[in-house]
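What follows is a single structure, written as structure tokens, with notes after it.
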Amino acid sequence: GTHLSPRETGVLAAVGAAHVDVVRRPKIAVISTGNEIVAPGDPISIGDVFDSNQRILLDSVVELGCEPRACGIVPDDETQLGVLLETLLSGEDAVDVILLSGGTSKGEGDVNARVVERLANQYPESPGVVVHGVALKPGKPVLLSVVAGVPIIVLPGFPTSAIFTFHEFVAPLLRRLSGQRAEATRSIDAVAPMRINSVPGRTEYSLVDLVGGPSGLAAYPLGAGSGSVTAFGRADGFIRIPANTEYVAEDSHLSVKLIDADVRPADLIAIGSHCIGFDHVLGLLAAQGFRVKSIPVGSTAGMTALARGEGDVAGLHLLDEASGTYNEPFLPDGVRLVRGYGRRQGIAFRDGDALFDGVTLDGMVDVLRDSDRRMINRNSGSGTRILIDRLLVACGQ
């Protein structure tokens, strides 16, 4: 089909066409489900999350030329959800497609799949649940079904999972229903500046930031989980890693699918160790109107990026174990060190943990010597990890 912009309608008027046949805008219902979901602006309690999925899906539906219908938030109540879905399947409130988010994982607390299956039994000619779970990361638990001729699609509750599965399974359907052309490919070539690990057996989408360098664009993985809607909001695009791939090797050529049509270059790119103090400085620049991009990859990867000519500044706190000197030994050629500030490093533990109750520094060392204890540590190559590992080794001597 052809989208009727002012250009097309002007031509139609100029040739005397008073009426033309058009495709009706499909009606798409959007429902968020879950006891923990709270509407933006409402009071929130511990364990609750604001409903970002409904806003994302409603706006995505509009972008695809369809008519959205916001159906609010439904708790984990099979009866309440079933009544709402029945009103959307027939009668004056009927819609063409129903989108739900949340409640796709298999478990006693997730009701959407059970409600869809029960409704399908009420309409004998309905295929019911066609797919429940796909080899996709993020987005594995998506549910695809048809009841009474109406597609009912249950997207995962985690925002990034919902976004990817919407674009993978829902967007092509809505384009077809609304008579739009298939999406034009908005991709750009880049290289992997580091090894990007994946999980074999599932196609994986990985969000990336694009950084310019002497040899072109580099795609830095954000490493965000399926619940990180903020990462999706700041990413330039994403790469698709095939299901049979264990990792993407450094310097591999990549095709990055852009989230926006154009890549907007940043005025300042900071790559390196993440620190809230450094974030504050970058925020001051952003407040003055500069477009600032911060990519937290750790101190070692930050120095590698600067050596490659990617980025303008990097946070750094690396200890050279041989000399006991901080930072200077790691500077690439042409990179100057600007002294920043000191930070206090430490080990956190649960309040009330009997292992640490009333222990002195010497007692803390004894606890850390115990090989049966498990500690959550920073990634290898980060400044904090190098320091903590050195201190732990010293404690064991």
Collect the residues in the range 140-166 that are in contact (Cβ under 8 Å) with a residue 40 or more places away in the chain, touching a strand residue (DSSP E or B) at 6+ places or on another chain (Cβ under 8 Å) and either under 19 Å from Ser198 (Cβ atoms) or part of a loop (DSSP other than H, G, I, E, B) (or both), keeping them in residue-number order. Pro156, Gly157, Thr160, Ser161, Phe164
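Are any residues in the range 365-397 in a helix (DSSP H, G or I) and within 15 Å of Ser299 (Cα to Cα), and if so, which ones?
Listed by number, the residues that qualify are Gly383, Thr384, Arg385, Ile386, Leu387, Ile388.
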When you go through Glu63, Glu8, Glu92, Glu78 one by one, which is the residue that is within 20 Å of Thr160 (Cα to Cα), surrounded by fewer than 15 Cβ atoms within 10 Å (Cβ to Cβ) and not hydrophobic (A, V, I, L, M, F, W, C)? Glu63
Note on the range 32-60: residues closer than 18 Å to Leu173 by Cα and surrounded by 14 or more Cβ atoms within 10 Å (Cβ to Cβ) are Ile56, Leu57, Leu58, Ser60
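Looking for whichever is modelled with pLDDT of 90 or more and farther than 23 Å from Gly149 by Cα here; the options are Val83, Val49, Val30, Val62. Which one fits?
Step by step, each of Val83, Val49, Val30, Val62 is checked, and only Val49 is modelled with pLDDT of 90 or more and farther than 23 Å from Gly149 by Cα.
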Scanning the range 272-289 residue by residue, those without any contact (Cβ under 8 Å) to a residue 24 or more places away in the chain and touching a Ser or Thr at 6+ places or on another chain (Cβ under 8 Å) turn out to be Asp279, Leu282
Matching option when the condition is aliphatic (A, V, I, L, M), closer than 30 Å to Arg344 by Cβ and not assigned by TED's automatic domain parsing to the domain that holds Ser161, among Leu254, Leu319: Leu319
Quick check: is even one residue across the range 371-389 among the small types (Gly, Ala, Ser), in contact with a Pro (Cβ under 9 Å, 6 or more places away or on another chain) and farther than 30 Å from Asp236 by Cβ? no
Can you name the number of the only condition in (1) in contact (Cβ under 8 Å) with a residue 12 or more places away in the chain; (2) part of a helix (DSSP H, G or I); (3) not small (Gly, Ala, Ser) that Pro193 fails? (2)
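The values are calculated or read from the model by the stated rules, or taken from the named source; none is laboratory data. These numbers come from a predicted model, not from an experiment. Every residue, glycine as well, gets a Cβ built from its backbone with ideal geometry; the counts of neighbours run over all protein chains shown.
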